[in-house]
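One structure is given here, and the rest of the page talks about it.
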Amino acid sequence: MATLISCGPGFFAKTLGLLSSRSLARCTCVCPAVRGVSFSTSSGGPPKRPLTGYLRYAVQQRPAVAKQYPDVRIVEITKKIAQEWRLLSPEQKKPYQEAALAAREVYKEEMTKFKEQLTLAQATALKEEKRKKVAKRRAIRKKRELTMLGKPKRPRSAFNIFMSEHFQEATGESMQSKMKNLFEDWSKLRISQKQVYMQLAEDDKIRYKNEMKSWEEHMVEVGREDLIRNRKKKTKPKKSVKAKGNKTNTKVVSESKGTETPASSPGTGKSASRAKKAEE
């Protein structure tokens, strides 16, 4: 429950915007389609996930709070409902939580029956979709944690800086159309005109590098080395390469003249003795 309350108000605002009083028993989300795999069975599709205790309370209280504050946005209404929920005693929360647990048990039974009707391909696709959802939730939690720890924002590109400066005056009804028109305007700029934004982007890279260095040093101090990028690994010493064959590179100094001659291998003993006799 604490996890739900810790989520941003935007999440609950979107959720409450889709829910109505008729959806108290179940949530309206359904299992998404997976690349040509249909989940339709004789039961008519996967069961819908039930609401939590807090969402049941929020759906019930939303009409009254919206009537009390008619000029307030849905996000602010959600915040007020969340504050009211925190102030409730355990006994006051109990009916909503018990109803959520009962609905959860029913959901589990229906989900078990639904999975029994799936083919192997459908079951595999459903498992893969669940894995992706879990990975996405972990990534969102990780991003939220890094934001709370004050991780610096990544540097902006030259086009991003240009877009942020001209977005308000851009033509277009939707955000997508505005971004498209801005990209076309950016493409028409000369190199000299882009140079200003390119220099700002380079400055932002330096800002990011310096802030990341300070932030990572702080993370080491608080014991969060797991958040450090590109931790250096211990390099293993390179093995020495052995010379091929049995030939050696040592030199032999002759007794008479003091000249150096390369020592021969055991197979060339005769040529060495002949050279010695010639010197004598």
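The values are calculated or read from the model by the stated rules, or taken from the named source; none is laboratory data. Bear in mind the structure is a predicted one, so any value in this text is a computation, not a measurement. In this analysis, Cβ positions are derived from the backbone assuming ideal geometry, glycine residues included, and neighbour counts consider all displayed protein chains. Side chains included, ligands, DNA and RNA excluded: accessible areas come from the protein's heavy atoms. Shrake-Rupley method; radii C 1.70, N 1.55, O 1.52, S 1.80 Å.
Using a cut-off of 18 Å between Cα atoms, the listed pairs Lys151/Lys209; Lys48/Lys115; Lys108/Lys130; Lys93/Lys136; Lys151/Lys213; Lys48/Lys113 include Lys93/Lys136 as exceeding that distance.
Across the range 40-148, the mean sequence separation of Cα contacts (distance under 8 Å, 6 or more residues apart), normalised by length, yields a relative contact order of 39 percent.
When you restrict to C-alpha pairs under 8 Å that are six or more residues apart and normalise by the size of the range 125-218, the relative contact order lands at 38 percent.
Sorting 195-204, 77-86 by average packing, meaning the other beta carbons within 10 Å per residue, from highest down gives 77-86, 195-204. Expressed as a fraction of 2.2 N^0.38 Å, the value expected for a compact globular protein of N residues, the C-alpha radius of gyration of the range 137-236 is 1.46.
Protein-only accessible surface at a 1.4 angstrom probe places the residues Met111, Met148, Met175, Met219 in the order Met148, Met175, Met111, Met219, largest first.
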